[in-house]
Amino acid sequence: MSVLAGRISPEPCSLVIFGATGDLTHRKLIPALYNLTVENALPPEFSVIGFARREKSDVIFRSELEASVRKYSRQGVNDGSWAEFASSIFYHRSEFDNEAGYLALAERLKDLDHERGTRGNRLFYLSAGPDQFETILRHLEASGLKKAAEGSWARVIVEKPFGTDLASAQKLNALVEEVFPESATYRIDHYLGKETAQNIMALRFANSVFEQLWNSRYIDHIQITASEPLGVEGRAGYYDKSGAMRDMVQNHLLQLLCLAAMEPPVGLDADAIRDEKVKVLKSLRRIGGDDVKRQIVRAQYNAGTVQGRRVPAYRDEKDIDPDSGTETYVALQLNVDNWRWAGVPFFMRVGKRLAKSGTQISLHFRESPPVLFNAAGDTKDNVLVIRIQPDEGITLHMNAKLPGNTSHLHPVRMDFHYHTTFERANPEAYERLLLDAMSGDATLFARRDEVEEAWKFVDDIREAWEANDADLAFYPAGTAGPSEADDLIRRFGFEWRDI
Ligand code: BG6
């Protein structure tokens, strides 16, 4: 059963984090687990084992994590709850390529099964650098850790980046599949764990008022924007090789597009939903050759001022190649070639060091017929805006008659804000995803074919960029992006919606 269909309780288990001293563990995983503990969402037997190369004791590991949780936890830290949670965290020092380290881990896990009652259930989290994935997987296999005891389970969570192109993703998929079956493999795309991304399906399939209009007959075009003021944040080595297309479009943005464009699934189980998302990816018209120039803009930020702070040009950031041609921004025009979306252009833009922080999907409805009110050109198009973050919610923009002795119209909005309606902060994406992996629900994780289809689309573009020495536009940090992206959307007769 899917958690979208109803809450499932996670089973007792040990979570082994490979690369436990890294940024992700400190910023996301442990704060998420702590918040789950506070909300009594984890079974009391749950244990965390950090596996990493540096020498340290359980006590030191716990105190380092405490400092991070104090910094990143969404609901502060309560000393009692922390102490309770900390007692379930352990540190296991080993090189990633040392068989003895894995054998010792197996013993330690058995001890925890006895001491804490984790019942032989194991969740392995690959959060080390992707160059370590193969070594870790091979050792999980050789040490027998991949095989759960009778009546228990062993699962693996794979962090992004999931490959750097189709070939490397296929290789990684084949390797993972040699060790864990697809049903035990959880590929993270943290956007799927965001409450607002999950709500796209509820909005569409639990409200007949919207789904009736959700097609080319009523929708004129769709925009998806992910705008970040952040820069590369100490991840220069990864980002300079990746760029915005691989870092954001291949995964998060295509996933949002799938949720907005897919057909109703036959059920709420993981495969039914993922089947529909794969169909969208397969329907995406490939962009290659000369179309790349017409439909895509790639750009990089120059020095500028972001939210009141001077920031250097991308090429002057620490550890970035001073001649780097990596894109920190990309804007695309896409087409979903199926019956529902024939003739409806999709536009997508994503960038770093932009003025505003915001991820949104906007559905722009067709104009009403040019008679009555619209004849005077008074009306604004109806737009349904899904705010993924921040200020999570949904707004419908409409036209209303100005009160009084006039027939003039005024744009108005119907608004839903999570914070005011539900009066509580949304859980962090990683809270939901960790809980789901412990519960055996893969609905919010990417399936093998989804990842590979997304790479096919991105690879065509990247190949065309490489073959033609693609143009790179520039934009000052702290702006909305390059003017070339405005030209792109204008060529199709539209304007970007302000976020
Ligand atoms: C990550 C990317 O996957 O998503 C980052 O690697 C990006 O470059 C981040 O900043 C954005 O996530 P969020 O949840 O802050 O929108």
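The values are calculated or read from the model by the stated rules, or taken from the named source; none is laboratory data. Just so we're clear, the structure is a prediction, and the values are computed from it rather than from any experiment. Cβ sites come from the backbone with ideal geometry, for glycine too, and all protein chains shown count toward neighbours.
Mind listing whichever residues of segment 356-372 are away from the ligand (no atom under 16 Å from the Cβ) and crowded, with 16+ Cβ neighbours inside 10 Å?
From segment 356-372, those away from the ligand (no atom under 16 Å from the Cβ) are 362-372; that's our starting set.
Residues satisfying the conditions are S362, L363, H364, F365.
Any chance you could count how many residues in segment 394-421 are closer than 19 Å to A202 by Cα and away from the ligand (no atom under 16 Å from the Cβ)? Steps first, answer last, please.
So in segment 394-421, the residues closer than 19 Å to A202 by Cα come out as 394-396, 414-421.
Restricting the remaining residues to those that are away from the ligand (no atom under 16 Å from the Cβ) gives 394-396, 414-417, 419-421.
Selection size over segment 394-421: 10.
From the list R108, R119, which residue is touching a helix residue (DSSP H, G or I) at 6+ places or on another chain (Cβ under 7 Å) and either charged (D, E, K, R) or part of a helix (DSSP H, G or I) (or both)? Full working, then the answer.
Details: R108 fails: touching a helix residue (DSSP H, G or I) at 6+ places or on another chain (Cβ under 7 Å).
Only one candidate qualifies: R119.
Just to check your reading of the model, which residue among A464, A477 is within 16 Å of the ligand (Cβ to nearest atom) and under 17 Å from E327 (Cβ atoms)?
On the way: A464 fails: within 16 Å of the ligand (Cβ to nearest atom).
Unique residue meeting the criteria: A477.
Which residues, taken from segment 440-499, are in contact with a Phe, Trp or Tyr (Cβ under 8 Å, 6 or more places away or on another chain) and either within 30 Å of E11 (Cα to Cα) or assigned to a loop (DSSP other than H, G, I, E, B) (or both)?
The answer is G440, A442, F445, A446, V451, A477, A480, G481, P482, F492, F494, W496.
Output yes when any residue across segment 422-429 is at pLDDT 95 or above and either within 16 Å of the ligand (Cβ to nearest atom) or touching a Phe, Trp or Tyr at 6+ places or on another chain (Cβ under 6 Å) (or both), and no when none is. Walk me through how you get there before you give the answer.
Filtering segment 422-429 for residues at pLDDT 95 or above gives none.
The answer is no, given that none of the residues of segment 422-429 is at pLDDT 95 or above and either within 16 Å of the ligand (Cβ to nearest atom) or touching a Phe, Trp or Tyr at 6+ places or on another chain (Cβ under 6 Å) (or both).
Test each condition in (1) within 15 Å of the ligand (Cβ to nearest atom); (2) in contact (Cβ under 8 Å) with a residue 40 or more places away in the chain for L384 and report the one that comes out false.
All conditions are met except number (1).
For segment 117-127, state whether one or more residues are closer than 26 Å to G440 by Cα, modelled with pLDDT under 95 and among the β-branched types (V, I, T).
Yes, segment 117-127 has at least one match.
Cβ contacts < 8 Å: first residue over 16 Å from F18 (Cα atoms), restricted to segment 137-162; second residue among the polar types (S, T, N, Q) and assigned to a loop (DSSP other than H, G, I, E, B), any location; separation 6+ or different chain. Result?
Pairs that qualify, where the first residue is over 16 Å from F18 (Cα atoms) and the partner is among the polar types (S, T, N, Q) and assigned to a loop (DSSP other than H, G, I, E, B), are A148/N121; S152/N121; W153/N121.
Hey, can you tell me all the residues within segment 483-499 that are within 24 Å of the chain's Cα centre (by Cα) and surrounded by 19 or more Cβ atoms within 10 Å (Cβ to Cβ)? I'd like the intermediate steps shown before the answer.
Narrowing segment 483-499 to residues within 24 Å of the chain's Cα centre (by Cα): 485, 496-499.
Of everything in segment 483-499, those that are within 24 Å of the chain's Cα centre (by Cα) and surrounded by 19 or more Cβ atoms within 10 Å (Cβ to Cβ) turn out to be A485, I499.
Could you please find all residues in segment 32-46 being under 18 Å from D111 (Cβ atoms) and buried (at least 22 other Cβ atoms within 10 Å of the Cβ)?
F46
Restricting the search to segment 47-61, which residues are surrounded by fewer than 22 Cβ atoms within 10 Å (Cβ to Cβ) and assigned to a helix (DSSP H, G or I)?
Of everything in segment 47-61, those that are surrounded by fewer than 22 Cβ atoms within 10 Å (Cβ to Cβ) and assigned to a helix (DSSP H, G or I) turn out to be D58, V59, I60.
For segment 130-244, list the helices (runs of 4 or more DSSP H) that sit wholly inside it and hold at least 3 residues that are within 16 Å of the ligand (Cβ to nearest atom) and touching a Phe, Trp or Tyr at 6+ places or on another chain (Cβ under 8 Å); which are they? Working first, answer last.
Values: elements: 133-142, 166-179, 195-205, 208-211, 236-244.
Fully inside segment 130-244 and qualifying: 195-205.
Restricting to segment 313-329, give me the number of residues that are under 14 Å from A477 (Cα atoms) and either touching a residue at least 40 places away in the same chain (Cβ under 8 Å) or among the hydrophobic types (A, V, I, L, M, F, W, C) (or both). It would help to see each step written out before you state the result.
Just the residues of segment 313-329 that are under 14 Å from A477 (Cα atoms), to begin with: 313-317, 327-329.
Filter once more, keeping what is either touching a residue at least 40 places away in the same chain (Cβ under 8 Å) or among the hydrophobic types (A, V, I, L, M, F, W, C) (or both): 313-314, 317, 327-329.
Counting residues in segment 313-329 that are under 14 Å from A477 (Cα atoms) and either touching a residue at least 40 places away in the same chain (Cβ under 8 Å) or among the hydrophobic types (A, V, I, L, M, F, W, C) (or both) gives 6.
What residue, of E115, E99, is free of Cβ contacts under 8 Å to residues at least 40 places away in the same chain and either more than 21 Å from L172 (Cβ to Cβ) or among the acidic types (D, E) (or both)? Walk me through it before giving the result.
On the way: E99 fails: free of Cβ contacts under 8 Å to residues at least 40 places away in the same chain.
Being free of Cβ contacts under 8 Å to residues at least 40 places away in the same chain and either more than 21 Å from L172 (Cβ to Cβ) or among the acidic types (D, E) (or both) holds for just one of E115, E99, which is E115.
Which members of segment 53-76 meet the condition of being touching an Asp or Glu at 6+ places or on another chain (Cβ under 7 Å) and within 25 Å of E99 (Cα to Cα)?
Narrowing segment 53-76 to residues touching an Asp or Glu at 6+ places or on another chain (Cβ under 7 Å): 53, 74.
Answer for segment 53-76, where residues must be touching an Asp or Glu at 6+ places or on another chain (Cβ under 7 Å) and within 25 Å of E99 (Cα to Cα): just R53.
Can you confirm whether P390 is surrounded by fewer than 15 Cβ atoms within 10 Å (Cβ to Cβ) and within 16 Å of the ligand (Cβ to nearest atom)?
yes
Inspect all residues belonging to segment 200-222 and state whether any of them is of a type in the set (S, T, Y) and surrounded by 19 or more Cβ atoms within 10 Å (Cβ to Cβ). If you could, list the steps in order and put the result at the bottom.
Going residue by residue through segment 200-222, those that are of a type in the set (S, T, Y) are 208, 216, 218.
So of that shortlist, the ones also surrounded by 19 or more Cβ atoms within 10 Å (Cβ to Cβ) come out as none.
Scanning segment 200-222 turns up no residue that is of a type in the set (S, T, Y) and surrounded by 19 or more Cβ atoms within 10 Å (Cβ to Cβ).
Could you figure out which of (1) touching a Ser or Thr at 6+ places or on another chain (Cβ under 9 Å); (2) more than 26 Å from M248 (Cα to Cα) isn't true of P161?
Evaluating P161 over (1) touching a Ser or Thr at 6+ places or on another chain (Cβ under 9 Å); (2) more than 26 Å from M248 (Cα to Cα) leaves (2) as the failure.
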